[in-house]
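Read through the structure below, which is laid out as structure tokens, and then see the notes.
The values are calculated or read from the model by the stated rules, or taken from the named source; none is laboratory data. Model, not experiment: these values are computed from the prediction. Quick reminder, even Gly has a Cβ in these numbers, built from the backbone with ideal geometry, and neighbours come from all protein chains shown. When the accessible area is computed, the model is the full protein with side chains, heavy atoms only, and any ligands, DNA or RNA have been set aside. Shrake-Rupley method; radii C 1.70, N 1.55, O 1.52, S 1.80 Å.
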Amino acid sequence: MSGKGFKMRAVAYISPQNFPMLVKSFGTKESEELKYHYIAHTSLDVIEERINADPKATECFLGLLYVLEDVCVYGYITPTRVKIVLAMDQVDDFLKDSDVILLFKALHTAYHDTLCNPFLHQPLSQGLRTEDIAQMMGRGDKWKGLRRRLDRIAAAAEKHAIAAQ
Amino acid sequence: MSSTKQYKSIGDDLWKSRTDKINAELFTMAYGSLVVQLIQDYEDYAEVNKQLEKMGYNIGIRLIEDFLARSSLGKCADFREVGEVVAKVGFKSFLNITPIVHHHPAPTPAGGVGPSTTTPRSSLLPSQNAAAQAQTHSMPGASFVLTIDENPLAEFVELPDTALPTTAPEGSTAGAPNQTGLWYSNILCGVLRGALEMVQMQCEVVFLSDTLRGDETTEIRVKLVRYLEEEVPVGDD
């Protein structure tokens with residue numbers, strides 16, 4: 001890993017009821033995807049902690065949640081209590097908070113734009129059904145638009161990193 | 001081309017002077033919910049297209065009054081001008097978009113040598129030539145194509161695969177109601193048809209392509225079928 005990297009590894013969107021809606025990883029083999037599902041689930045605990053510590057906080061960005069092996073995990077909660085978990089490659093010099101916040105704003109906007117599609121069937125509010133699991137894994141076409149936008153964000157982030165060197 | 005600039009500035013002025021504008025996202029989402037609800041109710045995309053067009057027609061017959069009152073434009077000289085006004089003043093003042101217009105004069109009757117725009121007829125005076133061209137632009141069969149590059153109705157919309165047209169090579173098989181697929185913004189066709197009918201022009205308005213379906217452009221063709229004669233109400237002597 002040469003120089004600064006905005007190499008996004010994975011993004012997870014978790015519903016207000018703590019059901020994972022979409023876990024998207026970038027450029028990883030299928031066998032390694034499981035790691036990011038694990039990361040998404042463990043992040044939930046840390047997020048709960050942070051939220052309960054300060055219930056009055058209106059800040060969306062939750063900061064660096066923890067570091068695991070070679071990834072840094074950042075958390076973000078939207079006003080509708082949708083949680084976004086971002087796993088990024090660990091770099092020598094830590095990324096500035098403002099840069100990560102910028103990334104999260106892009107991820108939030110991508111989610112919001114996808115929701116505007118009237119043909120999107122509503123995100124699950126009842127339990128996690130079997131058909132939703134395939135969608136969450138990225139196999140179905142419910143989140144096709146969102147996955148496309150995420151790919152674009154990841155590509156833009158990488159290009160930005162190279163330009164910044 | 002001065003009239004083109006005129007229409008453009010009229011359209012701009014009308015848009016700016018309009019005080020009751022609606023939030024674009026609200027508009028887009030309301031229309032989206034409408035289409036989704038129609039699909040749930042009818043479950044047949046061809047029927048949904050028809051219903052959207054009907055709704056548009058009802059809007060169009062009323063919208064034209066508003067338009068004529070605000071713009072106070074006179075009668076158009078020919079169908080070509082109709083196309084210009086629709087694109088530059090109509091669409092601009094209501095949706096704040098300006099589609100590009102391509103005019104197609106009426107096809108000439110078989111056997112006749114009609115004036116074509118490519119072969120200049122030097123024997124005619126320019127004014128006569130223009131009049132002849134205007135005539136074919138007013139004959140039934142004349143049409144114009146509106147190319148919309150930013151459709152406010154369809155922002156962030158992604159059609160499900162079932163709404164796309166099926167490419168069945170054979171004849172329609174039983175249970176394949178989806179030959180033409182969904183035209184998401186079909187309400188616009190109805191609006192144009194209704195509005196033009198109120199100014200004595202019966203037109204056929206259809207979508208030719210739609211970026212939502214994967215086509216390159218979004219195009220609507222408006223073809224003049226015939227002029228409607230003023231009908232004297234029964235009872236007059």
Task: 15 Å beta-carbon shell around residue B:76, net charge (K/R +1, D/E -1) - done: -1
Open item on the list: If you take every residue apart from residue A:10 with its C-beta less than 9 Å away from the C-beta of residue A:10, what net charge results, scoring Lys and Arg +1 and Asp and Glu -1?
Closed with: +2
Task: Karplus-derived 3J(HN,Hα), 6.51/-1.76/1.60, for each residue of the stretch A:13-23, Hz, glycine and proline x - done: 10, 10, 6, x, 8, 6, 9, x, 8, 8, 10
- [ ] For the stretch B:1-90, just say rounded, prolate or oblate: build the C-alpha gyration tensor, square-root its eigenvalues into a ≥ b ≥ c, call rounded for a/c under 1.5, and beyond that prolate if a/b exceeds b/c, oblate if not.
- [x] prolate
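Per residue of B:152-159, how many C-beta atoms from partner chains lie within 10 Å of its own C-beta, taken as a mean?
4
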Open item on the list: Under 12 Å from a point placed 7 Å out from the Cα of residue B:20 along the Cα-to-Cβ direction: which residues of the stretch B:189-217 have their backbone N that close?
Closed with: none
Open item on the list: Taking amide H atoms as placed 1.01 Å from N in the peptide plane, list the residues 5 or more away in sequence, or in a different chain, whose amide H sits under 5 Å from that of residue B:97.
Closed with: B:92
Task: Pairwise FRET efficiency - residue B:230 versus residue A:112, Cβ, R0 = 35 Å, nearest 0.05 - done: 0.10
- [ ] Over both sides of the B-A contact, add up the buried accessible area with a 1.4 Å probe and give it to the nearest 100 Å².
- [x] 1000
Open item on the list: Starting from 0.36 nm per residue, how many nanometres of slack lie between residue B:206 and residue B:46 once their C-alpha separation is accounted for?
Closed with: 56.3 nm
- [ ] In whole Hz, with x marking every Gly and Pro, tabulate ³J(HN,Hα) for the stretch A:143-149 from phi via Karplus 6.51 cos²θ - 1.76 cosθ + 1.60, θ = phi - 60°.
- [x] 9, 4, x, 5, 4, 4, 5
Task: Virtual paramagnetic centre 7 Å along Cα→Cβ of residue A:68, amide N under 19 Å, in the stretch A:83-113 - done: A:83-91
TODO: List the residues whose amide H sits under 5 Å from the amide H of residue A:62, counting only those 5 or more places along or on another chain, with H placed 1.01 Å from N in the peptide plane.
DONE: A:75, A:76, A:77
Task: Computed FRET value (nearest 0.05) for residue B:166 with residue B:37, which takes r as the C-beta separation and R₀ as 25 Å - done: 0.60
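Tally Lys and Arg at +1 and Asp and Glu at -1 over the other residues with C-beta under 13 Å from the C-beta of residue A:40: what net charge comes out?
Values: positive: A:9, A:24, A:35, A:83; negative: A:33, A:45.
Residues near residue A:40 contribute +2 overall.
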- [ ] Return the long-range amide H neighbours of residue B:142 (sequence gap of 5 or more, or a different chain), with a cut-off of under 5 Å between placed amide H atoms.
- [x] B:106, B:224
Task: Vicinal HN-Hα couplings computed from phi for the stretch B:6-23 (Karplus, 6.51 cos²θ - 1.76 cosθ + 1.60; Hz; Gly/Pro x) - done: 4, 5, 4, 6, 4, x, 4, 4, 4, 5, 5, 7, 6, 8, 9, 9, 10, 4
